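Enquirer: The structure under discussion is supplied below as structure tokens; questions concerning it will follow.
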Amino acid sequence: MISTPQAIDRFASQLPFGVKAAVYEGTRAPTVWRRDALARDYANPDALRKLASQIKQHTIEHLDQYLEQAAEKLSANGVEVLFAETSERAKELALHVMQRESVKVVVKSKSMLSEELHLNAFLQKNGIQAVETDLGEYIIQIDDDIPSHIVKPIVHKNRRDIAKSFEREGLGDYNDDPQTITHRARKHLRREFLRADCGMTGANFVSAESGRMALVTNEGNARWCVTAPRLHIAMIGIEKLVPRDRDLGVMLNLLARSAVGQQLTIYTQFLNGPRSPGKDGPEKMTVIFVDNGRSRVLGSNCNEILRCIRCGACQNVCPVYRQASGHAYRATYQGPVGAVLSPLLAGKDFAKYADLPKASSLCGACNEVCPVDIPIPDLLLRLRDKAFTEGASEAKRGTPPMAPYAWLATHPQVWRAGIKASNLGNSLPLKLSPIPAMQRWLGPRDLPPFRGGAFREWMQDRKNPPA
Ligand code: SF4
């Protein structure tokens, strides 16, 4: 009898791929299953969620005060503290610090903010080599790809894809054994840690009370980034603050459970300054607090999204994300959180992402699992309303105009003929389509067979049951 999520993982790992997928589907995705099981550690998990929500909402409503307090504490601890209002300014500041410290190679821990700023390309253009050290992010980097999930950036790849990439990069002959892949990555990345001049990280949380930063990873790469190189730069979104050290306990408990279904991440690290007598760490430390549109979000009617702790739980349960995959969102943040955050952070380019809030059935699963109780469906409706009132037209947003659809839907004969014709699409080799956008879309995906008209046939059969 399988009684724990870990036992399911162990059992499923021995099975052929197709059977494994069926086992996981039967028990829901493993992360979701584990998350649900761990919630039972608490007598009243909802109370913890409400507390986390209140802590984060209080913080963003007093952000100016807590930012000032955190900056004072960090400075007193010997950290250089800088503020950047825009993406360009944040990158300039990071480059300035690196050039001042004669940095040539940077090792980076996973950071969604860095993805948001497109930092790697900028550093490379300015003669600084950036090496991602989270295994998923490293694979994204060598494949010149983009992440498709906040926590699991290569959820769209399998071990055979990764083995081919490693072979291409000269990390060994083709071998798709997961242990071999991770050993090869470890050997390669250790050399990078040791030759780097600078380590870059984000921070999962920063306590305003002490300036203490919390960094969590399951691979220990953030620990390497802040101990091996002589300089540490942390680029942190201004919404990452919490008021007190004790709030970190609440947040860390919820983050690991919601993100990966663990009680705690394997490596949880607290930093509050550079090396000093009796204290280990980098020789120098710089913190850059980045706004990049967050103040604007704070002043909007969707500011609850700034509570987000980037756990990815809403992505794991979203029926749209799970079918469309992260790349369909065309933005750094995907899934329900991305459908809210991407248009808001885009500012004057709101129209570019104004279609994303429509990528939701409003089923509410995202809100149900969100550890900080963000009312995502409500925010999606507010953004749909904003798109409508600002007249971000369908055509401008790159989505198909609805007028032809309306005509089709109101002409039943044409509709039925269209459905019949669409069934033919199942036998067309769509992957060989000459349209580049179609090729890109269908390259990593298989379209489920079109089942047009199935409902009508089913209804017809019900009306005429066999004698
Ligand atoms: S919106 Fe909630 S569930 Fe989604 S990533 Fe943020 S904290 Fe996690």
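The values are calculated or read from the model by the stated rules, or taken from the named source; none is laboratory data. Note that the coordinates shown come from a computational prediction; the quantities given were computed from them, not determined experimentally. Glycine also receives a Cβ, built like all others from the backbone with ideal geometry; neighbour counts cover every protein chain displayed. These accessible areas exclude ligands, DNA and RNA; they are computed on the full protein's heavy atoms, side chains included. Shrake-Rupley method; radii C 1.70, N 1.55, O 1.52, S 1.80 Å.
Enquirer: Label-point separation (nm) for T389 and I435, each offset 7 Å from Cα along Cα-to-Cβ?
Expert: 3.5 nm
Enquirer: Using 0.36 nm times the number of residues separating K358 and R89, minus their current alpha carbon distance, what extension gain do you get? Numbers along the way, then the final one.
Expert: Details: separation 269, 0.36 × 269 = 96.84 nm, distance 3.23 nm.
Stretched out fully, the K358 to R89 stretch lengthens by 93.6 nm.
Enquirer: Cut-off under 26 Å on the C-alpha distance; same-chain residues fewer than 8 positions from K125 excluded. Which lysines are left, in chain and number order?
Expert: K91, K104, K108, K110, K284
Enquirer: To continue, here is another question. Using unit Cβ charges (K, R positive; D, E negative) and no other charged atoms, how large, in debye to the nearest 20, is the dipole of region 84-178 about its Cα centre?
Expert: Working: 13 positive and 18 negative charges, 38 e Å.
Value, rounded to 20: 180 debye.
Enquirer: I would also like to ask the following. If I measure Cβ to Cβ between cysteines in the chain, which ones have no partner under 4.7 Å?
Expert: C198, C225, C302, C308, C311, C318, C363, C370
Enquirer: Related question: Quickly estimate the mean residue ellipticity at 222 nm for the chain, helices only: each DSSP H run with n ≥ 4 gives -39500 (n - 2.57), and the total goes over all residues, rounded to 500.
Expert: Values: 24 runs with 232 residues, N = 467.
Computed ellipticity for the chain at 222 nm equals -14500 deg cm²/dmol.
Enquirer: For region 308-401, with the dipole built from +1 on Lys and Arg beta-carbon atoms and -1 on Asp and Glu ones, taken about the Cα centre, which of F350, V340, C366 lies farthest toward the positive end?
Expert: About the Cα centre, the residue reaching furthest to the positive side is F350.
Enquirer: Applying the Karplus parametrisation 6.51 cos²θ - 1.76 cosθ + 1.60 with θ = phi - 60° to the phi angles of region 312-325, what ³J(HN,Hα) value in whole Hz is obtained for each residue in order, glycine and proline being reported as x?
Expert: Whole-Hz 3J(HN,Hα) from phi for region 312-325: x, 4, 5, 5, 4, 9, 6, x, 6, 4, 5, 8, 8, 6.
Enquirer: Ok, one more. Can you order the peptides 341-347, 90-96 by their average number of other Cβ atoms within 10 Å per residue, highest first? Kindly include the intermediate steps, with their values, before the conclusion.
Expert: Numbers: 341-347: 21.4, 90-96: 19.9.
Averaged packing, sorted descending, gives the order 341-347, 90-96.
Enquirer: Turning to a different aspect of this structure: Which one of A52, P466, P243 is farthest out on the positive end of the charge dipole of the chain, using unit charges on Cβ (Lys, Arg +1; Asp, Glu -1) and the Cα centre as origin?
Expert: Farthest towards the positive pole: P466.
Enquirer: Measuring with a 1.4 Å probe in the full set of protein chains, what accessible area per residue, in whole Å², belongs to the chain? Don't skip to the answer; put the middle values down first.
Expert: Numbers: 23860 Å² over 467 residues.
Computed with neighbouring chains in place, this is 51 Å² per residue.
Enquirer: Tell me, in nm to one decimal, what length is gained between K125 and H411 on full extension, where the rule is 0.36 nm per residue of separation less the Cα-Cα distance?
Expert: Length gained, K125 through H411: 97.4 nm.
Enquirer: Here's another thing I want to ask about it. Could the peptides 277-285, 357-365 be put in order, highest first, of the mean number of other beta-carbon atoms found within 10 Å of their residues? Walk me through the numbers on the way to the answer.
Expert: On the way: 277-285: 13.3, 357-365: 17.3.
Peptide ranking by packing, descending: 357-365, 277-285.
Enquirer: Find the centroid of the Cα atoms in region 243-300 and in region 82-144, then give the distance between the two in whole Å.
Expert: When both Cα centres are located, 19 Å separates them.
Enquirer: A further question follows. Could I have the simple spin-label model distance between R168 and D280, label points 7 Å from Cα toward Cβ, reported in nm to one decimal?
Expert: Here the answer is 3.7 nm between the modelled labels.
Enquirer: Further, regarding this structure: Taking the Cα centre of region 412-463 as the origin, how large is its charge dipole in debye, to the nearest 20, when only Lys and Arg (+1) and Asp and Glu (-1) carry charge on their Cβ atoms?
Expert: Numbers: 9 positive and 3 negative charges, 23 e Å.
Roughly 120 debye for region 412-463.
Enquirer: For the chain, what % of the accessible area comes from carbon and sulfur atoms, probe 1.4 Å? Don't jump to the answer; show the numbers that get you there.
Expert: Numbers: 13190 of 23860 Å².
Using a 1.4 Å probe with all protein chains present, the chain comes out at 55 percent carbon and sulfur.
Enquirer: Charges on Cβ only, +1 for Lys and Arg, -1 for Asp and Glu, centred on the Cα centroid of the chain; of V287, Y321, N426, which one is farthest towards the dipole's positive end?
Expert: Going by the charge dipole, the pick is N426.
Enquirer: Let me ask something additional. By DSSP, what percent of the beta bridges with both residues in region 183-303 are antiparallel, rounded to the nearest 5?
Expert: Working: 8 of 21 bridges.
Given both bridge residues lie in region 183-303, the antiparallel proportion sits at roughly 40 percent.
Enquirer: Let me ask something additional. With every protein chain in place, what's the accessible area of V131 (1.4 Å probe, Å², nearest 10)?
Expert: Accessible surface of V131 is approximately 10 Å².
Enquirer: When N is the residue count of the chain, what does its C-alpha Rg come to as a fraction of 2.2 N^0.38 Å? Walk me through the intermediate numbers first.
Expert: Values: Rg = 24.1 Å, N = 467, 2.2 N^0.38 = 22.7 Å.
Ratio of Cα Rg to 2.2 N^0.38 Å: 1.06.
Enquirer: Also: Provide W407, W224 ordered by accessible surface of protein heavy atoms (probe 1.4 Å), highest first.
Expert: On the way: W407 135, W224 75 Å².
Listed by decreasing accessible area, they come as W407, W224.
Enquirer: What distance in nm separates the simple spin-label points at A47 and D349, each placed 7 Å from Cα in the Cβ direction?
Expert: Each label point lies 7 Å from its Cα, and together they span 4.6 nm.
Enquirer: List the lysines whose alpha-carbon lies under 22 Å from that of K164, not counting same-chain residues fewer than 8 positions away?
Expert: K152, K187, K431
Enquirer: Ok, one more. Placing unit charges on C-beta atoms (Lys and Arg positive, Asp and Glu negative, everything else neutral), compute the dipole magnitude of the chain about its Cα centre in debye, rounded to 20.
Expert: On the way: 62 positive and 50 negative charges, 195 e Å.
Taking the Cα centre of the chain as origin, the dipole is about 940 debye.
Enquirer: Counting residues in region 193-268 as N, plug N into 2.2 N^0.38 Å and put the Cα Rg over that result.
Expert: Values: Rg = 13.0 Å, N = 76, 2.2 N^0.38 = 11.4 Å.
Cα Rg divided by the expected 2.2 N^0.38 Å: 1.14.
Enquirer: Provide the gained length on full extension for the span E61 to S102, in nm with one decimal, where the gain is 0.36 nm per separating residue minus the Cα-Cα distance.
Expert: Working: separation 41, 0.36 × 41 = 14.76 nm, distance 3.92 nm.
Roughly 10.8 nm would be gained on extension.
Enquirer: While we're on this one: Enter the accessible area of Y321 (Å², nearest 10), with the probe set to 1.4 Å and all protein chains included.
Expert: 20 Å²
Enquirer: Moving to a separate point now. Would you work out the relative contact order for the chain, in percent, from Cα pairs under 8 angstrom that are 6 or more residues apart? Intermediate values should be presented prior to the final figure.
Expert: On the way: 692 pairs, mean separation 75.6, N = 467.
Computed over the chain, the figure is 16 percent.
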